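Engineer: To start, I am sharing the structure in question, which I have written as structure tokens.
The values are calculated or read from the model by the stated rules, or taken from the named source; none is laboratory data. The model shown is predicted, which means the values in this text are computed figures rather than measured ones. In this analysis, Cβ positions are derived from the backbone assuming ideal geometry, glycine residues included, and neighbour counts consider all displayed protein chains. Side chains are part of the model used for accessible areas, which takes the heavy atoms of the whole protein and leaves out ligands, DNA and RNA. Shrake-Rupley method; radii C 1.70, N 1.55, O 1.52, S 1.80 Å.
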Amino acid sequence: MIDPAAHTAEIEAWRAERYAALQRETGWLTLAGLGWLKPGPNRVGTAADVDVRLPDGPSHVGTITVTETGARADGGFLHAGEPTRDLDLVTDAAGEPTQLEVGALRMCLIERGGRLAVRTWDLASPAREAFDGIDHWAIDRRWRLEARFEKTPGRTLTVPDVLGFVEEEASPGDVVFRLDGVEHRLQALPSGPSGEMWLVFGDVTNGHETYGGGRFLYTDAPDGDGRVIVDFNRAYNPPCVFSPFATCPLPWPSNRLAVRVEAGEQAYGSEMLL
């Protein structure tokens, strides 16, 4: 069993890293736009007649053209400080997405449900400046659980998101644990090359103390005996809590726990309900 002081230090260090990630230039606190693209040319800017409306900047910046094989940008965008000229764009589904710049704005292409969209960050976001932490339950070792991992080879899950899309996702297996003598299980999604797992879960606090759309939690890979630590002190808010322009998966019925998980992050601001 982990030493209480070491456990507290571990969670506090994790929390500091999380806050730093939220406050980075392209973190969730600066997310300021999401514009869906149609096939062919899409005009980008702040004017009323554009296809993708930016929160700030020139009336007409340039064009992002969607083709059968990808997308490219042209016009007043910068990439790595240089003007774009028919620049082929990498989406987040294909690797590290190509970042475009317009003043204090940063943009890239994301793919969701087979559709492309422009994601925009504003480096001058007031939310970034105003951030001073997230309410959370006191760190409690009772919520650091030793679980077992049960493999489910070939299983695919239907995962809904906050936009109404669904994605078919491969699932490596179930994480099974006990609370107050009762067994619970969560269907896991993969999160790393070494077998790390991502848990998208709901519980009875959702819509009250916590966000109505559930919370997220990552685990390390199971050990050779199938044991894995599930520490709900690390349960955290999905990006949709911080911006209406995020695309968050939601817990599906099998991952809604019929218990109160009084650990980890609580609701942020007024974002209690989905």
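Engineer: Would you please name the residue that is most open to solvent (accessible area, probe 1.4 Å), looking only at residues in region 43-91 that are under 28 Å from the mean Cα position of the chain (by Cα) and among the basic types (K, R)?
Structural biologist: R53
Engineer: Okay, moving on. Within region 218-242, how many residues turn out to be aliphatic (A, V, I, L, M) and either in a helix (DSSP H, G or I) or open to solvent by less than 20 Å² (accessible area, probe 1.4 Å) (or both)?
Structural biologist: Total meeting the criteria: 4.
Engineer: Given the condition open to solvent by less than 30 Å² (accessible area, probe 1.4 Å), part of a loop (DSSP other than H, G, I, E, B), free of Cβ contacts under 8 Å to residues at least 40 places away in the same chain and touching a Gly at 6+ places or on another chain (Cβ under 9 Å), answer yes or no: does some residue in region 163-184 qualify?
Structural biologist: No, region 163-184 contains no residue that is open to solvent by less than 30 Å² (accessible area, probe 1.4 Å), part of a loop (DSSP other than H, G, I, E, B), free of Cβ contacts under 8 Å to residues at least 40 places away in the same chain and touching a Gly at 6+ places or on another chain (Cβ under 9 Å).
Engineer: Tell me, which residue of region 10-60 that is out of contact with any Gly (no Cβ under 9 Å at 6 or more places or on another chain) and among the polar types (S, T, N, Q) is nearest to G70 (Cα to Cα)?
Structural biologist: T26
Engineer: Does T120 satisfy the criteria of being among the polar types (S, T, N, Q) and surrounded by fewer than 19 Cβ atoms within 10 Å (Cβ to Cβ)?
Structural biologist: No, not satisfied.
Engineer: Here's another thing I want to ask about it. Which residue pairs have Cβ atoms under 7 Å apart, sit 6 or more places apart or on different chains, and have a first residue in region 70-92 that is free of Cβ contacts under 8 Å to residues at least 12 places away in the same chain and a second that is surrounded by 15 or more Cβ atoms within 10 Å (Cβ to Cβ)?
Structural biologist: Pairs found: R85/D74.
Engineer: List the residue pairs whose Cβ atoms are under 8 Å apart, where the first residue sits in region 6-18 and is more than 11 Å from G264 (Cβ to Cβ), the second is hydrophobic (A, V, I, L, M, F, W, C), and the two are 6 or more positions apart or on different chains.
Structural biologist: Hits for this filter: H7/I139; T8/I139; E10/I2; E12/I139.
Engineer: Next question, about the same structure. So if I check each of R215, R260, which one is among the charged types (D, E, K, R) and open to solvent by 10 Å² or more (accessible area, probe 1.4 Å)?
Structural biologist: R260
Engineer: How about region 144-160: which of its residues are open to solvent by less than 20 Å² (accessible area, probe 1.4 Å) and closer than 15 Å to F201 by Cα?
Structural biologist: If the condition is that a residue be open to solvent by less than 20 Å² (accessible area, probe 1.4 Å) and closer than 15 Å to F201 by Cα, then L157, V159 are the ones that fit.
Engineer: Given the criteria open to solvent by 20 Å² or more (accessible area, probe 1.4 Å), in a strand (DSSP E or B) and free of Cβ contacts under 8 Å to residues at least 60 places away in the same chain, does D132 qualify?
Structural biologist: Judged against the criteria, D132 is not a match.
Engineer: Is it the case that some residue within region 204-216 is touching a strand residue (DSSP E or B) at 6+ places or on another chain (Cβ under 6 Å), in contact (Cβ under 8 Å) with a residue 12 or more places away in the chain and outside any strand (DSSP E or B)?
Structural biologist: Taking every residue of region 204-216 in turn, at least one turns out to be touching a strand residue (DSSP E or B) at 6+ places or on another chain (Cβ under 6 Å), in contact (Cβ under 8 Å) with a residue 12 or more places away in the chain and outside any strand (DSSP E or B).
Engineer: Now for a separate question. Among the residues of region 19-41, are any under 17 Å from A117 (Cα atoms), more than 25 Å from the chain's Cα centre (by Cα) and open to solvent by 50 Å² or more (accessible area, probe 1.4 Å)?
Structural biologist: yes
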